[in-house]
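The values are calculated or read from the model by the stated rules, or taken from the named source; none is laboratory data. The shown structure was predicted, so the numbers you read here are calculated from the model rather than taken from an experiment. Counting neighbours? That spans all protein chains shown, and the Cβs are built from the backbone with ideal geometry, glycine included.
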Amino acid sequence: MLSILLIEDEPEMQKGLRDNLEFEGYSVDVAGTGKEGLKKVLNHTYDLVLLDVMLPEMSGFDVCKRAREKGVRVPIVMLTAKGEEVDKVLGLELGADDYITKPFSLRELLARIKAVLRRKEGSSPEATGKLKIGNIEIDFSTYDVTKKGKTVDMTPKECEILRFLWQHKNQTVSRDALLTNVWGYDESISSRTVDNFIAKIRQKVEPSPSKPRHIITIHGTGYKLLV
């Protein structure tokens, strides 16, 4: 049975989501504050975290950031009443795997959860193996990244972008394809999100980020990974 941690402070929302998720066959643990949620994330193993942004004691953004800084790789889906793009981009850049805006339908939430869990499982040999891009080696089973034997701080989302590019190596990959297949979005988030992530990845992968050898920009379209 897959386990979900629900971090939500509104009693009615917490109860409703918990009841429906349990009905769908998930094991559900709950936390009502950011601090309580972070403690559970750091001390227990879950298959997925549903994380509200507006929480007492500590915001969902801070919970996500702290969890990723501590090396927690569990998929995180953020829940919020905010719909502005800047908030979505912030959540994703802090390491969230998906973002759903309240009010949402149960059907939509369940679809997002299943999509994130499918991406976690992976569908190719690269999903559980190691890849080498330049001097960077990535272990997709743990999201551990090393460069010449030294640890590189790379978020799960950055790893997923590299994995998708690797699966389409030497081919042009559009920004829309990355948004749809890595984030599961086909609207709301702009292509600037992809560009921001690519810039960060180049800082870690490329010998000279301003003159990339591996992740090449295809102007007006997207990117290509050369291997």
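Key figures for this structure:
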| item | result |
| --- | --- |
| Number of the condition not met by residue 217 [criteria: (1) part of a strand (DSSP E or B); (2) within 17 Å of residue 95 (Cβ to Cβ)] | (2) |
| Only listed residue being under 16 Å from the mean Cα position of the chain (by Cα), modelled with pLDDT of 90 or more and part of a helix (DSSP H, G or I), chosen from 92, 109 | 109 |
| Scan of the stretch 204-227 for residues that are exposed (fewer than 11 other Cβ atoms within 10 Å of the Cβ) and under 18 Å from residue 192 (Cβ atoms), ordered by number | 219, 220 |
| Check on residue 63, assigned by TED's automatic domain parsing to the domain that holds residue 106, under 18 Å from residue 107 (Cα atoms), in contact with a strand residue (DSSP E or B) (Cβ under 8 Å, 6 or more places away or on another chain) and of a type in the set (Val, Ile, Thr) | no |
| Leading residue by the ranking (farthest from residue 77 (Cα to Cα)) among those in the stretch 1-40 that are outside any helix (DSSP H, G or I) and among the small types (Gly, Ala, Ser) | 25 |
| Residue count, the stretch 32-49 (criterion: within 24 Å of residue 104 (Cβ to Cβ) and without any contact (Cβ under 8 Å) to a residue 60 or more places away in the chain) | 10 |
| Evaluation of residue 138 against (1) within 23 Å of residue 28 (Cβ to Cβ); (2) at pLDDT 85 or above (one fails), failing number | (1) |
| Residue in the stretch 139-158 that is assigned to a strand (DSSP E or B) and among the polar types (S, T, N, Q) present | yes |
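Residue-wise test of (1) surrounded by fewer than 18 Cβ atoms within 10 Å (Cβ to Cβ); (2) out of contact with any Asp or Glu (no Cβ under 8 Å at 6 or more places or on another chain).
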residue: 1; (1), (2): yes, yes
residue: 7; (1), (2): no, no
residue: 12; (1), (2): yes, yes
residue: 17; (1), (2): no, no
residue: 23; (1), (2): yes, yes
residue: 27; (1), (2): yes, yes
residue: 33; (1), (2): yes, no
residue: 37; (1), (2): no, yes
